[in-house]
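The values are calculated or read from the model by the stated rules, or taken from the named source; none is laboratory data. What you see is a predicted model, and the numbers here were worked out from it, not measured in a lab. Positions of Cβ are generated from backbone atoms using ideal geometry, with glycine treated the same way; all protein chains shown enter the neighbour counts. Note: accessible area is taken over every heavy atom of the protein model, side chains too, but ligands, DNA and RNA are not part of it. Shrake-Rupley method; radii C 1.70, N 1.55, O 1.52, S 1.80 Å.
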Amino acid sequence: MMAQTGEVHSFDVLIVGGGPVGLSLGIALARFAPGMRVGLLDRRKLAVPKDSRASAIAAGVRHLFEAIGVWDGMAEGANPIAEMKITDSGTGDISRPVFLDFSGHRGPGEPFAHMVPNTASAASLIAAAQELVTIIEPGAVSAFTTGAAGGEVVLEDGRTLSARLVVAADGGKSMLRELVGIRTLSHDYRQSGLVTTISHAQPHHDVAYEHFRPAGPFASLPLSGNRSSLVWTETPETAQALLAMAPEDLAHRIEAAMGSVLGSVEIVETVQSFPLSLVLAHRLAAPRLALVGDAAHVIHPLAGQGLNLGLRDVAVLAEVLVDAARLGEDFGSMAVLERYERRRRTDTALMAFATDGLNRLFSNDVAPVRAVRDFGLSLVNRIDPLKDAFITQAAGASGAKLLKGIAP
């Protein structure tokens, strides 16, 4: 359903931001709160991205996608992560000894994560949203005001959209977050993330590798066929130098960084770079406004949990809103939104500070520090209950019904 330019629209819930988080929330509310008028605004026209990148989708988020009816459209191109191997690599190290090895299954036939092509996830989410949600596109926010009964979003072209609740899913530089004055805790890591896709001579056997290196982590994540997705952390200066290299020379650097565990490699997608930072909103809710996804938190990508963290926001917020609607409550009130905030605050903070701490601990080549952390990794590797706890946390299948595949 498409909203036409010039029309005035009123909704129960208006979601601002058409990425995976905003789309998933819109679909969940439309499916599980019949009669709820849901609108979704994006500054661009919704479209499937033209790239071959992929995202790690944890088991809990897969359950969410199954429950809202979009997983089947993603599953064909998805590749399971059956195992994760973690190494600690110093400058000039030739070998990459494995200090920690996680079996990636929460149970028989249930890997803790899948790598899903962004094209597949976007196509499935957009198709479902277009059937269930009123889409307003393109449209950029210029103002946001609130009253006793709801909020109003004014667009740059003069249109006004009103809703009992507005949800900010508009990214790490959220306009709505700024307009209501929610402050953030932020930290510049002074690191850049390089992202690309490679093909390699040896099969990955569904194994993901996380190589902790002095400049930051280097992860290879298994895709279908003999391909892997790379997320490579470097200093901004080194990242720029790598981007300027010829593809074949950069491929040799990638192979060396991986310790040749997958044999010779070839770059099959343009290498992209982006700055890394930590951003945590002081609050996840304000009068008539809830924050989800990157609008609420941006974390270091070393654990591949950024998108999953945002989709866990979706699972909890959808459950809270559906419950409130069934009880006849004003689901845009602070009393309801504070339930969402309480349920998400701890998980968000723990994940943010865990990734921040791991990045600080491993992004150096100081011998005594390496000795202590390698001993710690080896110790964890020998304690099965502790490893199981890490896998359970990474799978993210607790905290909301949708993360268990149960309708709210």
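There is no residue in the range 180-193 that is touching a Lys or Arg at 6+ places or on another chain (Cβ under 6 Å), open to solvent by 20 Å² or more (accessible area, probe 1.4 Å), farther than 26 Å from Ser10 by Cα and assigned to a strand (DSSP E or B). Sort out which residues of the range 244-263 are within 20 Å of Glu210 (Cβ to Cβ) and touching a Lys or Arg at 6+ places or on another chain (Cβ under 8 Å), and write them in order of number. Correct list: Ala257, Met258, Gly259, Val261. Residues in the range 34-41 include none that are crowded, with 23+ Cβ neighbours inside 10 Å and under 30 Å from Pro222 (Cα atoms).
Table: residues versus (1) modelled with pLDDT under 95; (2) hydrophobic (A, V, I, L, M, F, W, C); (3) touching an Asp or Glu at 6+ places or on another chain (Cβ under 7 Å); (4) under 30 Å from Ala315 (Cα atoms).
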| site | (1), (2), (3), (4) |
| --- | --- |
| Tyr209 | yes, no, no, yes |
| Phe212 | yes, yes, yes, no |
| Leu223 | no, yes, no, yes |
| Asn226 | yes, no, no, no |
| Leu250 | no, yes, no, no |
| Leu262 | yes, yes, no, no |
| Val268 | yes, yes, no, no |
| Ala285 | no, yes, yes, yes |
| Ala290 | no, yes, no, yes |
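For every residue, the table says whether it meets (1) surrounded by fewer than 23 Cβ atoms within 10 Å (Cβ to Cβ); (2) more than 22 Å from Asn359 (Cα to Cα); (3) in contact with a His (Cβ under 7 Å, 6 or more places away or on another chain).
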| position | (1), (2), (3) |
| --- | --- |
| Gly225 | yes, yes, no |
| Thr233 | no, no, no |
| Glu237 | yes, no, no |
| Asp249 | yes, yes, no |
| Val261 | yes, yes, no |
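Provide a single number: the residues in the range 281-311 that are in a loop (DSSP other than H, G, I, E, B), farther than 19 Å from Leu23 by Cβ and open to solvent by less than 10 Å² (accessible area, probe 1.4 Å). Qualifying residue count for the region: 2. The residue that is nearest to the chain's Cα centre (by Cα), among those in the range 83-134 that are outside any helix (DSSP H, G or I), over 21 Å from Thr196 (Cα atoms) and at pLDDT 90 or above, is Val133.
Tell me yes or no: at least one residue of the range 217-238 is within 26 Å of the chain's Cα centre (by Cα), part of a helix (DSSP H, G or I), within 17 Å of Arg53 (Cβ to Cβ) and of a type in the set (A, V, I, L, M). Within the range 217-238, none of the residues are within 26 Å of the chain's Cα centre (by Cα), part of a helix (DSSP H, G or I), within 17 Å of Arg53 (Cβ to Cβ) and of a type in the set (A, V, I, L, M). Listed by first and then second residue, the pairs linking a residue in the range 179-201 that is on the phi > 0 side of the Ramachandran plot to a residue that is open to solvent by 20 Å² or more (accessible area, probe 1.4 Å), with Cβ atoms under 8 Å apart and 6 or more places separating them unless they lie on different chains, are Arg190/Thr235; Arg190/Pro236.
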